[in-house]
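One structure is given below, encoded as structure tokens.
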Amino acid sequence: MRKRSLLTGLDSVIKDIAHDLKFEDKMEQVMLYRLWKDAVGDAVARNASPVLVRGGVLHVNVTSSVWMQELHFLRDMLLEKINAGLSGTKIKDIRFKVGPVVSPVQQQSPPGPLPELDTNEKLATETESAKINDPELREVFQEFMAAYLKSHKPSE
């Protein structure tokens, strides 16, 4: 009979981290933002942008009350188009309010470079990864840990 290892597989650790960070929910929201322009067209995208999804309700900012009224009439069609492109949780309703609108160009602009790790952070990644015997796995773990630390640093 083979002994069960007390070590947790790397895939399991990554899945747990992704779950803790609500990565799947965030990916669904990213998909929603990408679908938005296709679902509404250029003219609407310049005057309305999704803000957040809470409890299955998509909250959308619009530039004026005229756009809010127009989109209210198109709500069912928009729900159908958006939900057709989503693989996971579907949007149940859309709520519109006048507020700041992010243009499609701003939505697609890539984020700036991540900040560099300081000496202590680099040392921490090396210390933690030194426990891993496999050199290839050690390198992947170091890159993963560095990316995680960089993404959680305040922008400089």
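The values are calculated or read from the model by the stated rules, or taken from the named source; none is laboratory data. Keep in mind it's a predicted model, so treat the numbers as computed, not measured. Here Cβ is always computed from backbone atoms with ideal geometry, including for glycine, and neighbour counts include all displayed protein chains.
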Has the range 102-110 got any residue that is of a type in the set (Ser, Thr, Tyr) and either modelled with pLDDT under 80 or in the same structural domain as GLY56 (by TED's automatic domain parsing) (or both)? yes
Condition first: more than 26 Å from ASN61 (Cα to Cα), modelled with pLDDT under 85 and not in a helix (DSSP H, G or I). Can you find one or more residues in the range 138-151 that meet it? no
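Here is a yes/no grid of residues against (1) touching a helix residue (DSSP H, G or I) at 6+ places or on another chain (Cβ under 7 Å); (2) modelled with pLDDT of 85 or more; (3) not in a loop (DSSP other than H, G, I, E, B):
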| site | (1), (2), (3) |
| --- | --- |
| ILE14 | no, no, yes |
| MET27 | no, no, yes |
| ARG34 | no, no, yes |
| ALA43 | no, yes, yes |
| PRO50 | yes, yes, yes |
| GLN69 | no, yes, yes |
| LEU79 | no, yes, yes |
Among the listed residues ILE132, ILE91, identify the single one that is at pLDDT 80 or above, assigned to a loop (DSSP other than H, G, I, E, B), surrounded by 11 or more Cβ atoms within 10 Å (Cβ to Cβ) and not assigned by TED's automatic domain parsing to the domain that holds ALA39. ILE132
Taking into account only those residues within the range 35-52 that are free of Cβ contacts under 8 Å to residues at least 40 places away in the same chain and surrounded by fewer than 19 Cβ atoms within 10 Å (Cβ to Cβ), which is nearest to LYS81 (Cα to Cα)? GLY41
